[in-house]
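Some notes on the structure that comes next.
Bear in mind these aren't lab numbers, they're just calculated from the coordinates by the rules spelled out. On a predicted model such as this, the values are computed, not experimentally measured, just so you know. Here the Cβ is made from the backbone with ideal geometry for all residues, glycine too, and neighbour counts use every protein chain on show.
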Amino acid sequence: MTGKEISEMQTKYVLQGWSKQGGLNPTPVDHCEGIYIYDKDGKRYADMSSEQVNVNAGYANKEMTEAIKAQLDEYAYIQGSFGAEPRARLAKSIVDRLPDCFGKIFFTNGGADANENAIKIARMYTGRFKVMSQYRSYHGSTFGAGNLTGEPRHFALEPAIPGFIHFRGPYSYQEKIKFESEEEEGDYYVEKLREQVIFEGGDRIAAIILETVVGSNGIIIYPKNYLKGVRKICDEFGIMMICDEVMAGWYRTGKMFAYMNFDVVPDIITFAKGVNSGYIPLGGAIVKNEIAHFFDDKYLSCGLTYSGHPLACAAGVACQEFYLKNDIEGHVQKVGKHLGKVLESLKSKHKSVGDVRYIGLFGGVELVKDRATREPLVPWGQDPAGVMGAIVKELKSRGFVTYSHENVIIVAPPLIITEAQIDEELAKLDEVLSIIDEKYV
């Protein structure tokens with residue numbers, strides 16, 4: 001098929017998510033390799049968001065493609081009640097690299113149902129029904145995960161499910177209160193959360209779930225003491241602490257999981273995306289030993305047709321081996337520092353850049369109309385003029401592919417990116433920021 005035929009057929013027969021359907025014109029892809037996507041006309045695009053922050057190992061990874069082919073020759077699918085070598089090997093590989101307190105994994109198809117099943121497990125384990133999550137968070141768009149989500153993408157699910165409660169967390173750059181220190185801000189929000197837990201009834205709350213680093217809603221990195229404070233609240237009231245590592249996990253922040261940066265250990269870890277770099281859909285919820293053993297003689301009311309799909313797990317085993325063999329953890333720590341320096345340089349140069357935030361290769365550029373007032377370039381939940389869409393389109397025209405959310409441009413390239421590639425691509429961002437400076441600020 002020609003590129004034009006592909007685009008026309010897809011537009012005619014496929015509903016595209018998070019989009020108005022009129023006027024869509026998908027770029028027809030020819031092939032992908034490394035950090036690059038090539039269209040049918042031969043144009044090269046650098047994927048500077050790892051698609052949806054999932055293609056961590058880059059495109060056309062031979063280890064994963066060969067593992068999938070080899071698994072196809074044995075069997076493509078077998079349900080969870082049968083023993084499957086890739087399913088068993090992947091679970092062991094993950095658990096073996098975690099603290100000894102973790103025991104088992106429930107595999108899912110992706111991040112949303114990882115979070116769905118994590119809160120089901122927490123409810124069954126505690127016998128409680130309330131679940132708390134933050135505003136400015138995204139946990140998925142299925143009904144349960146969508147109710148956890150604390151931004152406009154949950155509006156389509158209203159009225160909300162009873163027992164789902166949102167709370168405010170730290171957002172240092174847009175904070176109106178002038179704190180003396182990072183620790184003071186963290187303590188303030190921990191105390192506010194504790195008050196809300198008491199108001200809601202601490203003995204009625206099954207879980208508090210947080211993105212360990214807030215992803216699409218701005219790459220918000222909490223004060224260093226905040227997650228420790230949340231952990232303390234959970235311990236005080238017998239609440240399960242769930243860290244949503246769907247985006248932040250798998251070395252994105254320079255650690256296997258982002259929580260490892262903050263000297264805290266959750267009760268349940270949810271994951272997806274980078275577990276096998278999106279080659280085949282896969283996610284999961286990792287639980288501590290006491291939760292796993294709770295179900296030794298109690299019915300686990302969780303199940304999915306494709307839980308632990310052999311092809312997905314085969315890709316997962318190969319992906320994890322790729323991370324370890326190539327010291328992706330060390331590489332991300334090294335090139336992540338370089339990314340941070342370049343982002344800071346852009347911040348100092350452009351009046352439209354209010355803040356840059358980054359940890360490892362997880363970065364965001366927050367755009368403002370006025371640095372003094374920190375007024376966002378577009379209001380929360382609104383962009384009637386399509387300003388952010390136009391900015392993303394301008395970047396794409398230069399071969400820099402990413403996405404924006406609210407007033408933040410995401411910079412989260414595949415973890416195999418080099419410093420030279422960062423320099424080449426962020427020079428394009430530099431050009432577009434100059435346009436923003438003149439046109440919008």
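Observations on the structure shown:
- Value of relative contact order over the range 63-325, rounded to a whole percent, pairs C-alpha under 8 Å and six or more apart: 31
- Restricting the calculation to Cα atoms, the chain yields a radius of gyration followed by a Dmax of 21.6, 65 Å.
- Assuming charge only on the beta carbon of Lys and Arg (+1) and of Asp and Glu (-1), the dipole of the range 144-217 about its Cα centre is about 380 debye to the nearest 20.
- A simple count of charges around Gly330, restricted to other residues whose Cβ falls under 13 Å of its Cβ and scoring Lys, Arg +1 and Asp, Glu -1, yields +2.
- Its relative contact order, with pairs defined as Cα atoms under 8 Å and 6+ residues apart, puts the range 163-255 at 33 percent.
- Think of the chain as having a plus end and a minus end, set by charges on the Cβ of Lys, Arg, Asp and Glu; of Leu426, Ala160, Ile269, Ala160 sits farthest toward the positive end of this dipole.
- Total formal charge among the other residues, if their Cβ is under 14 angstrom from that of Ala84, Lys/Arg +1 and Asp/Glu -1: +1
- Greater than 19 Å apart at Cα, pairs in Lys351/Lys439; Lys69/Lys104; Lys224/Lys255: Lys69/Lys104
- Extension gain, Lys325 to Lys341, is 3.0 nm, computed as 0.36 nm per intervening residue step minus the present C-alpha separation.
- Order of Trp380, Trp250, Trp18 under a 10 Å beta carbon neighbour criterion, fewest first: Trp18, Trp380, Trp250
- Each of His166, His293 has some number of other Cβ atoms within 10 Å of its Cβ, and from fewest to most they run His293, His166.
- Residue order for Ile37, Ile198, fewest other beta carbons within 10 angstrom first, comes to Ile198, Ile37.
- Candidates Met256, Ala67, Tyr323 compared by Cα position along the dipole of the range 63-325: farthest toward the positive end lies Ala67, with charges placed on Cβ.
- Computed from the C-beta positions of Ile78 and Lys176 and an R0 of 56 Å, the FRET efficiency is 0.55 to the nearest 0.05.
- The chain, relative contact order in percent, only Cα pairs under 8 angstrom and at least six apart counted: 21
- Virtual spin-label span in nm between Thr65 and Ala156, 7 Å along Cα→Cβ: 3.3
- What the Cβ-Cβ distance of Thr418 and Arg371 gives, at R0 = 35 Å and to the nearest 0.05, is a FRET efficiency of 0.65.
- Charges were assigned to the Cβ only: +1 to each Lys and Arg, -1 to each Asp and Glu. The resulting dipole of the range 63-325 about its Cα centre is roughly 280 debye.
- Point-charge dipole on Cβ atoms (K/R +1, D/E -1) for the chain, about Cα centre, debye to 20: 400
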